[in-house]
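The values are calculated or read from the model by the stated rules, or taken from the named source; none is laboratory data. Nothing here was measured: the structure is a model prediction, and the numbers come from that model. Every residue, glycine among them, receives a Cβ derived from its backbone with ideal geometry; neighbour counts consider all protein chains shown. With ligands, DNA and RNA removed, areas are computed over all heavy atoms of the protein, side chains included. Shrake-Rupley method; radii C 1.70, N 1.55, O 1.52, S 1.80 Å.
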Amino acid sequence: MKIILTGSTGYVGKEVLKQCLLHPQLSSIIALSRRELDVTNPKLRVIIHSDFSHYSPEILAEVSSADACIYCLGTNVPVRPAELNRKINFEFALGTANTFSAAFIANKGQEQRTFKFVYLSGALTEKDENKKLWFLNENRKMRGELENALIKLGRDTKKGGFEVYLVRPGFVQPEGASVRNWVAGKLANSIMVHHLAASILRVARDGYREPLIENDKLNSWGKIAVDSVATRKL
Ligand SMILES: NC(=O)c1ccc[n+]([C@@H]2O[C@H](COP(=O)([O-])OP(=O)(O)OC[C@H]3O[C@@H](n4cnc5c(N)ncnc54)[C@H](OP(=O)(O)O)[C@@H]3O)[C@@H](O)[C@H]2O)c1
């Protein structure tokens, strides 16, 4: 299985990359990053890429032969000015999904292959533009708009084999979180980063019956995946 990964230098993307490299069913990972990674591996190819609104023929050729894209690029807080924020957190993601779907479908021809586009969203996304929010108003509504557009794209491209999924974790906790973090996580909607990464890999491999995947489902899949790896090691 071959995967394209964005955001591989980030908190979540780094863990996804680590698990991709350890995963026996994954033979090739193409990381699109604006800077070099601090990891090398025979399964990994890093392509230095900074403008995620345009893709070279070289990258599109990789997309055409890939099985999935895990999209972890994005910022937790709004970037300034607002136009740049929209470019990074909205246009890059939707543009990438549009471009990759066109490249995959054009190249696939009559083959029965599928491509899974997995977008790392967030639990606090707001789809109602008129609702008054007390924090992160701009990014939560923009993400709601993005989710709507990605779901529509997925509906339009599913017949062509291009499937779109949105994973919506809550607060992402580090592995081995402190007791304080652990208690906070129990009270809030949270997930451990290694559970999140494992569940994202599951979606990239198997898909799901619905495009939206919430924190509870991600938590249970992540725990099953991590436990089964631990059991295999015994
Ligand atoms: N962390 C959480 O608790 C949490 C919870 C729910 C949802 N999320 C969402 O998950 C996504 C990733 O979160 P994270 O915590 O992993 O963030 P992060 O640690 O800040 O990582 C962000 C990633 O995006 C890349 N990136 C950001 N701006 C870019 C740009 N202009 N051009 C190219 N690459 C760019 C970064 O690359 P560089 O290293 O080159 O900057 C990095 O790889 C975000 O959309 C966030 O909203 C996070």
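Specify the residue that is farthest from the ligand (Cβ to nearest atom); the eligible residues are those in region 1-26 that are assigned to a loop (DSSP other than H, G, I, E, B) and touching a residue at least 12 places away in the same chain (Cβ under 8 Å). Break it down stepwise before answering.
So in region 1-26, the residues assigned to a loop (DSSP other than H, G, I, E, B) come out as 1, 7-10, 23-26.
In the following step, the residues that additionally are touching a residue at least 12 places away in the same chain (Cβ under 8 Å) were identified as 1, 7-10, 23, 25-26.
Working: M1: 22, G7: 4, S8: 6, T9: 3, G10: 2, H23: 19, Q25: 24, L26: 19 Å.
Within region 1-26, the match that is farthest from the ligand (Cβ to nearest atom) is Q25.
Among the residues in region 35-50, are any exposed (fewer than 12 other Cβ atoms within 10 Å of the Cβ), over 15 Å from S8 (Cβ atoms) and without any contact (Cβ under 8 Å) to a residue 12 or more places away in the chain?
Checking region 35-50: at least one residue is exposed (fewer than 12 other Cβ atoms within 10 Å of the Cβ), over 15 Å from S8 (Cβ atoms) and without any contact (Cβ under 8 Å) to a residue 12 or more places away in the chain.
Give the residue that is nearest to A106 (Cα to Cα), with candidates limited to residues of region 27-62 that are in a loop (DSSP other than H, G, I, E, B) and among the polar types (S, T, N, Q). Walk me through it before giving the result.
Residues of region 27-62 that are in a loop (DSSP other than H, G, I, E, B), as a first pass: 27, 34-43, 49-56.
Narrowing the set further to residues that are among the polar types (S, T, N, Q) leaves 27, 40-41, 50, 53, 56.
Values: S27: 24, T40: 32, N41: 31, S50: 25, S53: 19, S56: 16 Å.
Looking at residues that are in a loop (DSSP other than H, G, I, E, B) and among the polar types (S, T, N, Q), I get S56.
Report whether or not A31 is at pLDDT 95 or above and more than 13 Å from the ligand (Cβ to nearest atom).
Values: at pLDDT 95 or above: yes; more than 13 Å from the ligand (Cβ to nearest atom): no.
No: the conditions fail for A31.
Restricting to region 115-157, name every residue that is of a type in the set (S, T, N, Q) and touching a helix residue (DSSP H, G or I) at 6+ places or on another chain (Cβ under 9 Å).
S121, T125, N139, T157
Determine the pairs where a residue that is of a type in the set (V, I, T), located within region 149-161, has a partner that is surrounded by 16 or more Cβ atoms within 10 Å (Cβ to Cβ) and assigned to a helix (DSSP H, G or I) with Cβ atoms under 7 Å apart, the partner being 6 or more residues away or on another chain.
Close Cβ pairs satisfying both conditions: T157/S101; T157/I105.
So Y119 fits all but one of (1) surrounded by fewer than 16 Cβ atoms within 10 Å (Cβ to Cβ); (2) within 13 Å of the ligand (Cβ to nearest atom); (3) within 17 Å of C69 (Cβ to Cβ); what number is the exception?
The one condition Y119 does not meet is (1).
Looking at the structure I just gave you, is L22 among the aliphatic types (A, V, I, L, M), within 27 Å of H194 (Cβ to Cβ) and open to solvent by 20 Å² or more (accessible area, probe 1.4 Å)? Full working, then the answer.
Details: among the aliphatic types (A, V, I, L, M): yes; within 27 Å of H194 (Cβ to Cβ): yes; open to solvent by 20 Å² or more (accessible area, probe 1.4 Å): yes.
Considered against the rule, which asks whether it is among the aliphatic types (A, V, I, L, M), within 27 Å of H194 (Cβ to Cβ) and open to solvent by 20 Å² or more (accessible area, probe 1.4 Å), L22 comes out as yes.
Would you please name the residue that is surrounded by the fewest Cβ atoms within 10 Å (Cβ to Cβ), looking only at residues in region 122-140 that are of a type in the set (K, R) and not in a helix (DSSP H, G or I)? Write out each step before concluding.
Filtering region 122-140 for residues of a type in the set (K, R) gives 127, 131-132, 140.
Still in the running and not in a helix (DSSP H, G or I): 127, 131-132.
Values: K127: 12, K131: 11, K132: 7.
Ranking the qualifying residues of region 122-140, first place goes to K132.
With assigned to a helix (DSSP H, G or I), in contact with a strand residue (DSSP E or B) (Cβ under 6 Å, 6 or more places away or on another chain) and not basic (K, R) as the only criterion, which of G95, G154 stands out?
Details: G95 fails: in contact with a strand residue (DSSP E or B) (Cβ under 6 Å, 6 or more places away or on another chain).
Going through G95, G154 in turn, just one is assigned to a helix (DSSP H, G or I), in contact with a strand residue (DSSP E or B) (Cβ under 6 Å, 6 or more places away or on another chain) and not basic (K, R): G154.
So, in region 75-105, of the ones that are within 11 Å of the ligand (Cβ to nearest atom) and among the aliphatic types (A, V, I, L, M), which residue ends up surrounded by the fewest Cβ atoms within 10 Å (Cβ to Cβ)?
Looking at the filtered set, the residue picked out is V77.
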